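Structure, as structure tokens:
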Amino acid sequence: MVHDARRAPRFRLVALIGNPNSGKTTLFNALTGLRQRVGNYPGVTVERKEGRLRMPEGPEATLLDLPGTYSLTPGSPDEQIATDILLGTARHTPPPDIVICVVDASHLERNLFLVSQIIDHRIPTVIALNMVDIAERSGIRIDVRSLARELGVPVIPTVASRSEGIRELIAALSDLRGANAPPNGWRLPAPVERETDELAGILEDVHHIAPAHARHEAMTLLTAESALLDRMDRFSPEVIAHVRRDHAKLDFLGFDRRSVFVESRYAWIKSVCMQSVARNPAAGMSLSDRIDAVVTHRVWGVVIFLALMAIVFQAMFSWAQLPMDMIREGFDWLGARTASAMPPGDLRDLIVHGGIAGVAAVVAFLPQILFLFLFLGLLEDTGYMARAAFIMGRVMSRVGLHGKSFIPLLGSFACAIPGIMATRTIDNPRDRLATMLVAPLMSCSARLPVYALMIAAVIPPLKILGFLSLPGLTMLSMYLLGLVMALLMAWIFKKTLLRGGPPSFIIELPPYTIPSLRSTLMLMWERAWLFLKRAGTIILGASILLWFLASYPKLEGGTPSEKLNHSFVGMAGRFVEPAIRPLGFDWRIGIGLITSLVQREVFVSTMATIYDVGSGESSGAGGLPERLRESKNPATGAGSFTPLTGICIMVYYVLAMQCFSTVAVMRRETNGWKWPLFQVAYMTALAYGVTFIVFRIGTAIAGGGV
């Protein structure tokens, strides 16, 4: 097809919208590649993801990935953002020039509800009919031409996971000129249609609302009394009085105002599907259904979930070892070369012991973080995570949490901040707050270097059942401890402070798909870049500051250990040591607990800096676990890091609130300091209490030895 560059439309902003689980994110990645960025919409904590879309001619356009939504009647902050942008009422974001609506071909009827609302607004629209391969395997045949004719908009079949149909989709964007024609089919019952048109006309005349938007607003106002109450400050007394009269009139005529608009729209959608969709009755149960019969089973589903998690952590340790060793050797070489190239003195010590050693100790664990996100990305892309949410929804309902809470809790395995932000999809304020309060108990990726260091230092590489390793099972147990404690605390909160039963939970199980390697690699790249950026800024800065505090004031003539005790760090450590001694921690660990309030992984660089300065020589990136294992308590002569000490440190980090950034997000999400301070207090008390119990039980089992 030849395009006329002089007549080609020049789009500045293209919006991508669709139902959850329609493949929208995969399509976004296929359209933009690595040319994308993530932030928040101004004034709210809803994620804003945009990228550059290269058009066949003319300048690049901005592709904005809107939050997933089932309709333009928003029920949560993210759905409100999507609706406001499409309707042109969002602050700081202009209305889109064109919309790509992603539709799941295997669930066409449900997805067309959103499509019909978008077309109602006469927004230029192109339909990306995604996952057509899955629909065909399920015995669903869609006549694309007929569907496009019935809808009045272009329809492009795509398989986003394989980048099929992407060129055709971009070409359709370039060919589209002006607004689409409104749908020809769907109609309301005559009395409802009459009142809707009359109210829309009043909104146009009195409030100067565009015709298509005025009709949408009229339908929203006529649906429920709550819609009117939410908009009392936006409309004149004339409009409010007219709406109340319409409510009374339609109620008198026997119409269910909550359902008449939805039922009328679905009646038309059903007729569209009858014209465009053919189903093979011999297809029988789909492959996804047969797999789900096993993986969502009440017993086997839980067993499979735990087995998958065990395999993930086992692979993290075995597969990541080689690249970890290579990174450590690289930093060891860099440290040695730097030390040999510089004359002895404070500057060399600062660079070698402060900068290189501190950063190397953390960066060495990057491969484990990448493998974690590799597995999580693959499980997400295959569709298994929705099954995990279904399985865990049963468990969470018993402790009072909403089934939707699983997604924010799952996101907290990466970082508690997006996990807390993801609670915006939970409608009930009490359920949302309960989820936010327990989300930081899930072990985020920042804790992973702490766990990995302690496991490498104190957990022997024993085999369990011949194929599982004790380090891998130890790591899994830390993640399960966080999950169990999150459920326990949620149960306590829902029985006391946030009393109330959970609402029903309905989740869509998308069909299983072949994972997109590109999307997974992009996820890994985003997490790696974020991790390395922290290592090059926060962790580097903390390591340099800590080196200074561990080196001054100077003590002439003393041993490295005596100099460390005499330093600012030594003084601070001895001050906090009485408070943490009941947990089996010495003052060095206490300094790590304090510095890691900035970022949890700073604990690792703190240990590297303290033990390098305290010994007077560099341990290298690979020598820190050995140095911890061999360190002695000067007072008792016993080992400072025993298996019990390492376990207690990990337990403490599972349960403690060791992240100021999470506290700041909690404050923003709850609009005050009450709940963030409560969260810090309860998590600190929980961490201290549970670690104390673990240490005492471990000491008793060991016969008094630590």
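The values are calculated or read from the model by the stated rules, or taken from the named source; none is laboratory data. As the structure is a prediction and not an experimental result, all values here were calculated from the model. Ideal geometry is used to build each Cβ from the backbone, glycine not excepted, and the neighbour counts take in all protein chains shown.
Within the range 307-329, the set of residues being in contact (Cβ under 8 Å) with a residue 60 or more places away in the chain and either of a type outside the set (D, E, K, R) or touching a Cys at 6+ places or on another chain (Cβ under 8 Å) (or both) comprises LEU308, MET309, ALA310, VAL312, PHE313, GLN314, ALA315, MET316, PHE317, SER318, ILE327. As for the range 630-638, it holds no residue that is farther than 15 Å from GLY358 by Cβ, basic (Lys, Arg) and either surrounded by 23 or more Cβ atoms within 10 Å (Cβ to Cβ) or at pLDDT 90 or above (or both). None of GLU238, GLU225 is modelled with pLDDT under 85 and more than 40 Å from the chain's Cα centre (by Cα) except GLU238. Please specify each residue of the range 311-326 satisfying the condition of being aliphatic (A, V, I, L, M) and surrounded by 18 or more Cβ atoms within 10 Å (Cβ to Cβ). VAL312, MET316, ALA320, MET324 - these are the residues of the range 311-326 that are aliphatic (A, V, I, L, M) and surrounded by 18 or more Cβ atoms within 10 Å (Cβ to Cβ). Does the range 161-173 contain any residue that is surrounded by fewer than 20 Cβ atoms within 10 Å (Cβ to Cβ) and farther than 18 Å from VAL14 by Cβ? Yes, the range 161-173 contains at least one residue that is surrounded by fewer than 20 Cβ atoms within 10 Å (Cβ to Cβ) and farther than 18 Å from VAL14 by Cβ. Residues of the range 108-146 that are in a helix (DSSP H, G or I) and within 21 Å of THR89 (Cα to Cα): LEU114, VAL115, SER116, GLN117, ILE118, ILE119, ASP120. Within the set ALA320, ALA364, ALA386, ALA339, the sole residue that is at pLDDT 80 or above and farther than 21 Å from ARG534 by Cα turns out to be ALA339.
Listed by first and then second residue, the pairs linking a residue in the range 499-519 that is under 19 Å from ALA160 (Cα atoms) and charged (D, E, K, R) to a residue that is outside any loop (DSSP other than H, G, I, E, B) and modelled with pLDDT of 75 or more, with Cβ atoms under 8 Å apart and 6 or more places separating them unless they lie on different chains, are ARG518/ASN29; ARG518/ALA30. Scanning the range 541-561 for residues that are surrounded by 14 or more Cβ atoms within 10 Å (Cβ to Cβ) and farther than 16 Å from THR609 by Cβ yields a count of 1.
Which of the residues spanning the range 150-171 are farther than 15 Å from ALA105 by Cβ, β-branched (Val, Ile, Thr) and within 27 Å of the chain's Cα centre (by Cα)? Of everything in the range 150-171, just one residue is farther than 15 Å from ALA105 by Cβ, β-branched (Val, Ile, Thr) and within 27 Å of the chain's Cα centre (by Cα), namely ILE166.
With respect to the conditions (1) within 20 Å of ILE589 (Cα to Cα); (2) at pLDDT 85 or above; (3) surrounded by 20 or more Cβ atoms within 10 Å (Cβ to Cβ), ARG696 lacks only one, and its number is (3). Per this entry, MET657 is counted among residues that are crowded, with 21+ Cβ neighbours inside 10 Å and not in a helix (DSSP H, G or I). For the range 266-275, the criterion of being within 29 Å of GLY139 (Cβ to Cβ), of a type outside the set (A, V, I, L, M, F, W, C) and not in a helix (DSSP H, G or I) is satisfied by no residue at all. In summary, THR642 fulfils each of the numbered conditions (1) β-branched (Val, Ile, Thr); (2) closer than 15 Å to PHE585 by Cβ; (3) within 33 Å of the chain's Cα centre (by Cα) with the single exception of condition (3). For the structure I just gave you, tell me whether ALA364 is touching a helix residue (DSSP H, G or I) at 6+ places or on another chain (Cβ under 7 Å), buried (at least 17 other Cβ atoms within 10 Å of the Cβ) and hydrophobic (A, V, I, L, M, F, W, C). Against the criterion (touching a helix residue (DSSP H, G or I) at 6+ places or on another chain (Cβ under 7 Å), buried (at least 17 other Cβ atoms within 10 Å of the Cβ) and hydrophobic (A, V, I, L, M, F, W, C)), ALA364 qualifies.
Apart from one condition, LEU401 fits all of (1) assigned to a helix (DSSP H, G or I); (2) within 16 Å of LEU487 (Cα to Cα); the exception is (1). Among the residues of the range 469-476, not a single one is small (Gly, Ala, Ser) and within 16 Å of the chain's Cα centre (by Cα). Of everything in the range 41-57 that is at pLDDT 65 or above and assigned to a loop (DSSP other than H, G, I, E, B), the residue that is farthest from CYS101 (Cα to Cα) is GLU57.
With respect to (1) surrounded by 19 or more Cβ atoms within 10 Å (Cβ to Cβ); (2) in contact with a Leu (Cβ under 9 Å, 6 or more places away or on another chain), the lone exception for VAL395 is condition (1). The conditions of being surrounded by fewer than 16 Cβ atoms within 10 Å (Cβ to Cβ), within 25 Å of ALA638 (Cβ to Cβ) and modelled with pLDDT of 85 or more are not met by PHE585.
Scanning the range 461-492 for residues that are touching a strand residue (DSSP E or B) at 6+ places or on another chain (Cβ under 8 Å) and touching a residue at least 40 places away in the same chain (Cβ under 8 Å), we see that the one that is surrounded by the fewest Cβ atoms within 10 Å (Cβ to Cβ) is LEU473.
Within the range 549-564, residues that are closer than 15 Å to LEU347 by Cα have Cβ atoms under 7 Å from residues that are at pLDDT 80 or above and assigned to a loop (DSSP other than H, G, I, E, B) in these pairs: LEU549/SER567; ALA550/SER567; SER551/SER567; TYR552/SER567, counting only partners at least 6 apart in sequence or on another chain. Among the residues of the range 538-575, which ones are touching a Leu at 6+ places or on another chain (Cβ under 7 Å) and β-branched (Val, Ile, Thr)? Those that are touching a Leu at 6+ places or on another chain (Cβ under 7 Å) and β-branched (Val, Ile, Thr): ILE544, VAL569.
Results for (1) buried (at least 18 other Cβ atoms within 10 Å of the Cβ); (2) touching a Lys or Arg at 6+ places or on another chain (Cβ under 6 Å); (3) modelled with pLDDT of 90 or more, shown as yes or no for each residue.
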site	(1), (2), (3)
ASN428	no, no, no
ARG432	yes, no, no
PRO440	yes, no, yes
PRO503	no, no, no
LEU509	no, no, no
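Is it the case that the range 271-294 has a residue that's closer than 30 Å to MET478 by Cβ and free of Cβ contacts under 8 Å to residues at least 24 places away in the same chain? Yes, that holds for at least one residue.
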